[in-house]
Amino acid sequence: MATINKSILNRNNFRLLIKKIPTVEYYVQTVNIPGVSFTEAVAPAGIGLDAYFPGDKAQFDTLDIVFLVDEDLENYKEVFDWMDSIIPISDPKLYKNLTGTKSTVDNRYSAVADDLAQYSDITLVTNTNKNLPNRFFRFHDAFPISLGALELQSGADAEPVTCQVSFRFSYYDIKTTS
């Protein structure tokens, strides 16, 4: 018979690791473990009755992170620059630089050397009550899809500015070791 761990998971006992945006790690306020759902298949099972079966596709909610913004906006700029490289807002060469894309003689993009460069794995480490790493949630092939607004307010109390960033990812797994 398995023993049951009766310790509870504390909300403030975690660490978030993102290779592409390392300065965000130190300022994370909140992070969610996204929900997952699957489709279902419905088949008639008689008069006025349907039977339900597991479907064939899983869908994950977004990974949402709220972080404190440093006064030099370095962590905000890291996320913004990553997004600007994936879908160039200011300069089309940013995607070329990010992925190592080659240009033809007439300056058209021809071959992408590393299209995986636009993704990053994200690891959420939950700790035990003794602050030891316990579970590792690895979000594979993550990329930012939205970066929230920065709200500044004249005459407000000296509260830090926070920002939310949302990520899409292929899937996540849960391990007991990194």
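Points to keep in mind about this one:
- Estimated [θ] at 222 nm from DSSP helical runs (n ≥ 4, -39500 (n - 2.57)) normalised by residues in the chain, nearest 500: -3500 deg cm²/dmol
- Extension gain, His140 to Asp84: 0.36 nm times the residue separation minus the Cα-Cα distance gives 18.1 nm.
- Simple label model, 7 Å out from Cα along Cβ direction - Leu152 to Lys19, nm: 3.5
- Charging the Cβ of each Asp and Glu at -1 and of each Lys and Arg at +1, and nothing else, the dipole of the chain about its Cα centre rounds to 760 debye.
- Cα gyration tensor category, rounded, prolate or oblate, for the chain with a/c compared to 1.5: oblate
- Each residue of the stretch 52-57 is assigned a 3J(HN,Hα), and the resulting list reads 10, 10, x, x, 10, 9 Hz, derived from the Karplus form 6.51 cos²θ - 1.76 cosθ + 1.60 (θ = phi - 60°), x at Gly and Pro.
- Given the chain, longest segment not containing exposed loop trypsin sites (Lys or Arg not before Pro) (DSSP; at most 11 other Cβ within 10 Å): 20-107
- Counted residue by residue at 0.36 nm each, then reduced by the alpha carbon distance between them, the extension gain from Val36 to Met1 reaches 9.7 nm.
- Projecting the Cα positions of Gln29, Gln153, Pro88 onto the charge dipole of the chain (unit charges on Cβ atoms of Lys, Arg, Asp and Glu, taken about the Cα centre) puts Gln29 furthest along the positive direction.
- With neighbour counts taken as other beta-carbon atoms within 10 Å, the residues Thr23, Thr177 rank, fewest first, as Thr177, Thr23.
- Vicinal HN-Hα couplings computed from phi for the stretch 34-44 (Karplus, 6.51 cos²θ - 1.76 cosθ + 1.60; Hz; Gly/Pro x): x, x, 9, 9, 10, 6, 9, 9, 10, 9, x
- Rounded, prolate or oblate (a/c below 1.5 giving rounded, otherwise prolate when a/b exceeds b/c) for the stretch 117-178 by Cα gyration tensor: oblate
- Non-local lysine pairs in the chain, meaning eight or more places apart or on different chains, with alpha-carbon distances under 22 Å, amount to 13.
- Linear extension gain, Gln59 paired with Ser170, 0.36 nm per residue minus alpha-carbon span: 39.0 nm
Read-outs: derived from the displayed coordinates by stated rules, not from any lab. This one's a predicted model, so the numbers in the text were calculated from it and none came from an experiment. Don't worry about glycine lacking a Cβ; one is built from the backbone with ideal geometry, like all the others, and counts go over all protein chains shown.
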